[in-house]
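Encoded as structure tokens, the structure appears first; notes follow it.
Every number here is computed from the coordinates shown, using simple stated rules; none is lab data. Computed from a predicted model, the values in this text were never measured in an experiment. Ideal geometry is used to build each Cβ from the backbone, glycine not excepted, and the neighbour counts take in all protein chains shown.
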Amino acid sequence: MAKLGSLCLELVRHILSFLQPIQSAETEADVRKDRAKELSRQRANHERRLALHALTLTTLALNEICNPFLYSAIILTMSLPGVGSLLDLRRTFSTRPALAGYVKYVENRTYDCWGRSLRPALRSAWGYQTVITYFDDLGDLLTLCPNIAHANLVSLEDSNLSLWVNVIGGQAPYGVPRRRGLQQLTSLCVQVNTSLPFGPINWTPDFELICSALSRMPSLNTLRTSFVADFNSHFPTNFGYLTTIHLNDTFMTLAQLCDVVETCLVLKHFSCSWQHYQDHTFDARKLLKSLRYHEGCLESFEIAHPYRGGIPVRPNIPIGGFGDFTSLKTLKIDHVTLLGPEDAEEEETMPISELLPPSLENLHLGFQAPFDWDNDHVAHCPMLWDLVKDDQSLPDLCEVTVTAPMGAAATFLQAEFAQQGVNFRVLHVN
């Protein structure tokens, strides 16, 4: 059997590429929806790092070959082992700065695959100070890594504890990023947790403040967030270079959301869901008006109906038609009542196909159970039958997915779609 060191360099590098960490494009809150999958990913990354580290200790030749793979990604957790790993990395990069140049991906979670985390210790003075130091050191680490392209960061924020104050460079109304390690950033997942179990929160970084720093990173094209909030009235920030925005479990108002959309130059992918909606009314037509700035380039759009205190915000004003969105391929609306013409008088007569662009390939609609819900609600839905009868308006349509309460079925509807080559599915939700 050939030894690894005896193989040609290209083959060794190909083998080592299978030991690189599995990166995540989702925030910590998003991956918790499939916790088993996330823990499996974390365990695999831990084993891969151990294997790469062991190889660096074998020979000087393998050390030089393995280092670019070992340091291509930094994966940390806010735990006692994570504190030790962070300190080791800072010392290594301070003495061997060339290794920091290999870092392309940085990830921080608040727990590891064994469930270890410093969050339970936050109530103690020692635990609180340890977490403050942890995020200060993480900010310093970003300074040492000039080529970070992808970052997935979850942070705890209050008046004394912050990662983003370090990154932004202060609490000025419009922060200027001082961390050169983020100047090559192309994608960012950010989760800001501010509900800490101790003391009054005197200051937390507004989303506008964070984004004012991100807007000065010209390579950034993808932003995914969870739990962001901003209580200012509008966003003067220019998001010009962003092409993909996913705002999950946000607290933003509709007006703020429209500001974000309008400041992008070429928006291709957009999705939004709310943790809590601040306003008492929701008029989706305003969002569609802002999206029309991108009707020639928007490829996917997803929106969840907002809730306030666990109750859907009323009234359900339809968002309007997407017929002018010539590049739209994926449309996902979690409340079917949001899909309809802007003019209420046309709602009964306008078929759904006239609301959708010919370029559409995937349609996802959600049905919420009203008081008169029955299991045949989906099967008898006029909107879906209009869609299946019109096989000319949407030539590229290949998949229609419906989410509905348990028990809903649409066997005949599924058969009709199948005859047109369209995959129709009903996904049940509790």
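Some values worked out for this structure:
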read-out: Ranked by how many other beta carbons lie within 10 Å on average, peptides 393-401, 415-423 from highest; value: 393-401, 415-423
read-out: Segment 17-57 versus segment 411-427: alpha-carbon centroid distance in Å; value: 38 Å
read-out: Distance in nm between pseudo-label sites at Ala44 and Ser219 (7 Å out along the Cβ direction from Cα); value: 2.6 nm
read-out: Prolate/oblate/rounded label for segment 39-108 (Cα gyration tensor, a/c 1.5); value: oblate
read-out: Tyr293 versus Ala25: modelled label distance in nm, points set 7 Å from Cα along the beta carbon direction; value: 2.4 nm
read-out: Contour excess over end-to-end distance, with Cα ends at Arg116 and Ser159 and 0.36 nm allotted per residue; value: 13.0 nm
read-out: Gain in span if fully extended, Ser124 to Asp279, counting 0.36 nm per residue against the direct Cα distance; value: 52.1 nm
read-out: Entries of Lys33/Lys286; Lys33/Lys332; Lys268/Lys289; Lys289/Lys329; Lys3/Lys104; Lys37/Lys268 with Cα pairs more than 21 Å apart; value: Lys33/Lys286; Lys3/Lys104; Lys37/Lys268
read-out: Footprinting exposure proxy for Val167, Val429, Val83 (fewest neighbouring C-beta atoms within 10 Å first); value: Val429, Val83, Val167
read-out: Calculated log₁₀ intensity ratio I(q)/I(0) where the Debye formula runs over C-alpha points of segment 1-79, q = 0.18, 0.23 Å⁻¹; value: -0.77, -1.06
read-out: Distance (nanometres) between label positions extended 7 Å along Cα→Cβ at Arg32 and His53; value: 2.8 nm
read-out: Computed lengthening from Ser17 to Thr133, 0.36 nm per intervening residue step minus Cα-Cα distance; value: 38.4 nm
read-out: Gyration tensor verdict on segment 29-187 (Cα atoms; rounded if a/c is under 1.5, prolate if a/b is larger than b/c, oblate otherwise); value: oblate
